[in-house]
Amino acid sequence: MFCQRYASSRQHFVLRQGIVASLPNTRRWVSSSPPTTLHPDRISPGDYVDLSGLFGPTIFGINCPYRRDPRPAPYPPDAQGFFYFRPSEYPLDPGEIRFRRTSSRNPSKFKTGKDLLRPEGYPWCIKLPSIASQKSFAPIRAHLLKEELVSEAVMQRSAQVGITRPGPFQIYTLEQPFYINFGTYPSVIMVSANGKQMTRLMYMFRDNRKRADGSTVGHPYTGSAMVRLELGKPGRTTAGGPEVLLRVLKILQPVKCVIPSYDGYVVEPRAGFIQGKMMGNAFYPAGVGMRRSKENNQVMLDLIQQAEGL
């Protein structure tokens, strides 16, 4: 399969059989013969791919950029390895395609390799709901079904969940980690057997107090982290049900306070701690807000019951 798109008209050269690119090595767009397998136990040296410096390699006929937003970025210099399908350890989460970086094309190096990370610090991936719900992913769907990496029933269920992109993340259990940027208006999509629900988390990291001029204080911090939701102390409730809190698991991009002489009303995010606010000398955890009607909270309540072991 030959290259179908280039950033400009230049001379072309062969990277390996089935892959071509343009000279010089800037903004390369290439097509690739698809891997023979996405099963990590079946990979061969011929499935090894070098994505280093590429902007939009085409695998299975699908453009697979390293980063699309806020602007395209090339794959890092060490992006050599194997595409593979990774099942999830979380109930109902159907899994995703990842890229495993390895030191050579020897399949034995797969287990000691590391998954390619996005610039933000979490794994690069293509989520199964996106694969299942978009026409352009039909070749990958067929391949996953042929290898029996995914069942037809799981594929159909994933199609109902719909398209997923980096942010907002989808979670299938409360304890499932997801990514948050402190300087934005974060949200997460909760998924259960009863559907999906968008839950906004903007007030976790935003100071909504009014200044003297009437403006809002805003976001006091920049940076990002992997976080998770968890139940509060037994017996503590919010208007719609049990209290759900947010815990910072790992800081990815360093936290920086961008408001001079900030008083710390919104607590600076720290790995291992519950997010909250300070009122005087008292700390108040910031709970995830419930919607007014129980029907609109059904998916969150499903995840809460799952966490409670009901």
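Rule-based calculations on the coordinates, nothing more; no lab input. Here the structure is a predicted model, which means the values were calculated and not measured. Cβ placement follows ideal geometry from the backbone for every residue including glycine, while neighbour counts extend to all protein chains displayed.
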Discussion item. Give me Ser108, Ser130, Ser44 sorted ascending by neighbouring Cβ count inside 10 Å, so fewest comes first.
Written reply: Ser108, Ser44, Ser130
Discussion item. Give the residue list of GluC sites (Glu not before Pro) in region 33-138 that are DSSP loop and have at most 13 other beta-carbon atoms within 10 angstrom.
Written reply: Glu89
Worksheet entry | Relative exposure of Lys109, Lys127, judged by other C-beta atoms within 10 Å (fewest first) | Lys109, Lys127
Worksheet item: In this model, which of Lys210/Lys233; Lys233/Lys277; Lys210/Lys256; Lys111/Lys146; Lys109/Lys196 are farther than 27 Å apart at the alpha-carbon?
Response: Lys210/Lys233; Lys109/Lys196
Practice prompt. Calculate the spin-label point distance for Gln134 paired with Arg270, positioning each point 7 Å from the Cα along the beta-carbon direction, and give it in nanometres.
Written response: 4.1 nm
